[in-house]
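Here the structure comes first, spelled out in structure tokens, and everything after it is commentary.
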Amino acid sequence: MAVNPDEPYRKQSGLLEVEDLTAGYGAAPVLHDVRFTVRPGQIVAVLGANGAGKTTLLRALSGLVEADHGRIVFDGEDLRDVKVEQMVRRGIAHVPEGRGVVTELTVDENLRLGGLWRRDRADAARALDEVYDLFPALAQRRASAGHQLSGGERQMLALGRALIGRPRLLLLDEPSLGLAPRITAQILALLRELRDRTGLAVLLVEQNVRSALSVADEGIVLSLGRVVTRNSAADLRDDADLRHAYLGF
Amino acid sequence: MDRFFYLTFDGLSRGAVYAAFALALVLIWRAARIVNFAQGAMAVAAVYVAYSVTGATGSYWLGFAAALVFGLLLGIAVEKAVMRFVDHSSPLNGVVVALGLVLITQGVLGMVYGNEYRPVTTPFRRDAFDVGGIALLSRYDVFVFAAVGAVVVALTLLFTRTAAGLRMRAAAFAPDVSRLLGVPVGGMLTLGWALAAAVGSLAGMLVVPTELGLHPTAMDVVFVSAFTAAVVGGLDSPIGAVTGGLIVGLLLSYVSGYLGATVAPMAVLLLLVVVLLGRPGGLFSSSKARLA
């Protein structure tokens, strides 16, 4: 059943609760009163046309863009005063648009960078081994610099690096950008597998709406920085009017 | 031929100092994308501290250590109190602020110590000893090579073998991504300035005794050579800084030795022009664009 975004926000028990978030760059807000919830183990797709505010939403959640007002509550903690570099310690991993691989560093250095903040060095080392098991292509290219990797390998690296911190919430921005459909499908399937295996929650920003809805449990549709609807992925796929109006298919 | 060997070793000794100074410039450029034109003045301030400590205690080595510690603290202070607040929307802003720091530092040093040249002692003799009948290098030259070599090795180990080095490199290349990965980017920037200022102070301690003496502007000419070395090697490349330093040192030595000291500055500028025309990013620049 679709949720009317204009209804008063009914607080749900979620891992991430976003309440009336307004944020942007300088004096012009990009997001207006955005509100939604992500529960543990849920994959939520953020959909919308270019310029809808999807990337800004993720950047606001991880602190890269300052919120003008509203609340971002993660596991009961208000994140307003939490610094960007502390987010990862709270269990939030953000894989930014363009993948965010440090191209001057090697694969191994990029991955180790993802676990430097961790006090449990033994578990960080285990997580590193697990990532190499998960992405054998990376294991074969440990010493290669980031700029020598293909687009798919960079995406694996960015995702693997985020997983080293054993996050509870993954903010994933445009993982399919510039990738072949087969690679995109593998990465999205991996998200489901991770969710099922570890209870990871994912907030997935994706231009490829069909792919995103194929893997998501729920979707929220943004238009000009406002949430125009929230619904289950199945219902969004079936809503022809909505698809035509906002999702372009 | 003896003369060639002598000039070669003399050039390498000078070049080692330029390499250290260029390394300091590269450290800050990589961390903050600022050419620290105040590096020379900051180094001179550290040498004045060494001058005072050595004068008060009679120990060169206490003065040497004081200069390095002072340089480290000065780097932290400059980054935290000044450079952190520079608007980086235009690269010129950082340059203008750095030049302002040069004027302030030199003015303050002139008021405190006066504007006359002061002789600075060296811990080892500077007269060259013979190797196979050829006067090649002095004990002081050996000290210079050892000191600069130790710095290069230490920085290499720091950047390639330690977590702090990995954080510093990541913060320099991709600050936003690094913050998302829990790297305290501001702290890494401060550390970069501190290290650079300490290395610059070391270069000042090594080169000032070989020039006219201690003066608030003593490092100005050295700065030009070191800046050329950094640009020749590539401002992003520590290896380039060291190589560029040695190239500039050798060039200055050969040109001074064979053509006369008055021609040497022109040779450095000519080298700069040739490299900028042929390979604008420097000899060790990467050909790929920065993506992160």
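The values are calculated or read from the model by the stated rules, or taken from the named source; none is laboratory data. Just so it is clear, the model here is predicted, and its values are computed rather than measured. For neighbour counting, all protein chains shown are included, and Cβ atoms are generated from backbone atoms with ideal geometry for every residue, glycine included.
Looking at A:ARG126, A:ARG195 in this structure, which one is under 16 Å from the mean Cα position of the chain (by Cα) and basic (Lys, Arg)?
Exactly one residue qualifies, and that residue is A:ARG195.
Once segment A:162-186 is narrowed to residues that are aliphatic (A, V, I, L, M) and surrounded by fewer than 19 Cβ atoms within 10 Å (Cβ to Cβ), the residue that is farthest from B:GLY182 (Cα to Cα) is A:ALA180. Taking the criterion of being in a helix (DSSP H, G or I), within 12 Å of chain B (Cβ to nearest Cβ) and in contact with a Lys or Arg (Cβ under 7 Å, 6 or more places away or on another chain), the residues of segment A:147-186 that qualify are A:HIS147, A:ARG154, A:ALA158.
Among residues of segment A:87-108 being under 13 Å from A:ALA162 (Cα atoms) and in a strand (DSSP E or B), the one that is nearest to the other protein chains (Cβ to nearest Cβ) is A:HIS94.
Please determine whether any residue of segment B:232-252 is surrounded by fewer than 18 Cβ atoms within 10 Å (Cβ to Cβ) and within 12 Å of chain A (Cβ to nearest Cβ). No, the conditions are met nowhere in segment B:232-252. Being buried (at least 17 other Cβ atoms within 10 Å of the Cβ) and over 23 Å from the mean Cα position of the chain (by Cα) is the requirement here; does B:ALA66 meet it? No; evaluated as a whole, the condition is false for this residue. Within segment A:126-146, the residues that satisfy the criterion of being part of a helix (DSSP H, G or I) and touching a residue at least 40 places away in the same chain (Cβ under 8 Å) are A:LEU134, A:GLY146.
Quick one: how many residues across segment A:8-58 are among the charged types (D, E, K, R) and touching a Pro at 6+ places or on another chain (Cβ under 8 Å)?
Residues of segment A:8-58 that are among the charged types (D, E, K, R), as a first pass: A:10-11, A:17, A:19-20, A:33, A:35, A:39, A:54.
Pick out the ones that are also touching a Pro at 6+ places or on another chain (Cβ under 8 Å) and you get A:35.
Number of matching residues: 1.
Answer yes or no as to whether B:ALA164 is assigned to a helix (DSSP H, G or I), under 20 Å from B:GLY75 (Cα atoms) and away from every other protein chain (no Cβ under 14 Å). It is false that B:ALA164 is assigned to a helix (DSSP H, G or I), under 20 Å from B:GLY75 (Cα atoms) and away from every other protein chain (no Cβ under 14 Å). Taking residues in segment B:205-217 that are farther than 19 Å from B:GLY110 by Cα and aliphatic (A, V, I, L, M), and partners anywhere that are at pLDDT 95 or above and assigned to a strand (DSSP E or B), not one pair has Cβ atoms closer than 8 Å while being at least 6 places apart or on different chains. Here B:SER201, B:SER178 are screened, and the one residue that is in a helix (DSSP H, G or I), at pLDDT 95 or above, closer than 27 Å to B:THR121 by Cβ and polar (S, T, N, Q) is B:SER201.
Within segment B:174-193, the only residue that satisfies the criterion of being within 13 Å of A:LEU113 (Cα to Cα), in contact (Cβ under 8 Å) with a residue 40 or more places away in the chain and not small (Gly, Ala, Ser) is B:VAL177.
Taking into account only those residues within segment A:67-86 that are more than 7 Å from every other protein chain (Cβ to nearest Cβ), crowded, with 16+ Cβ neighbours inside 10 Å and not small (Gly, Ala, Ser), which is farthest from A:VAL34 (Cα to Cα)?
The qualifying residue farthest from A:VAL34 (Cα to Cα) is A:GLN86.
Those residues that are small (Gly, Ala, Ser) and either under 20 Å from A:LEU200 (Cβ atoms) or touching a Phe, Trp or Tyr at 6+ places or on another chain (Cβ under 9 Å) (or both), I need them from segment A:20-62; list them, please.
Hits for segment A:20-62 are A:GLY41, A:ALA45, A:GLY48, A:ALA49, A:ALA52, A:SER62.
From the list B:PHE85, B:PHE129, the one residue that fits, being exposed (fewer than 11 other Cβ atoms within 10 Å of the Cβ) and of a type outside the set (A, V, I, L, M), is B:PHE85. Within segment B:105-126, can you find the residues that are surrounded by fewer than 13 Cβ atoms within 10 Å (Cβ to Cβ) and part of a helix (DSSP H, G or I)? B:GLY107, B:MET111, B:VAL112 - these are the residues of segment B:105-126 that are surrounded by fewer than 13 Cβ atoms within 10 Å (Cβ to Cβ) and part of a helix (DSSP H, G or I). Only one entry of B:ALA38, B:ALA56, B:ALA65 meets the criterion of being at pLDDT 95 or above and over 20 Å from B:ALA20 (Cα atoms), and that entry is B:ALA56.
The number of residues in segment A:126-146 being away from every other protein chain (no Cβ under 13 Å) and among the small types (Gly, Ala, Ser) comes to 4. For segment B:176-201, the candidate set comprises residues that are within 10 Å of another protein chain (Cβ to nearest Cβ) and surrounded by fewer than 24 Cβ atoms within 10 Å (Cβ to Cβ); within that set, the residue that is farthest from B:ARG33 (Cα to Cα) is B:GLY182.
Could you run through segment A:109-121 and say how many residues are more than 10 Å from chain B (Cβ to nearest Cβ) and modelled with pLDDT of 95 or more? Counting residues in segment A:109-121 that are more than 10 Å from chain B (Cβ to nearest Cβ) and modelled with pLDDT of 95 or more gives 1.
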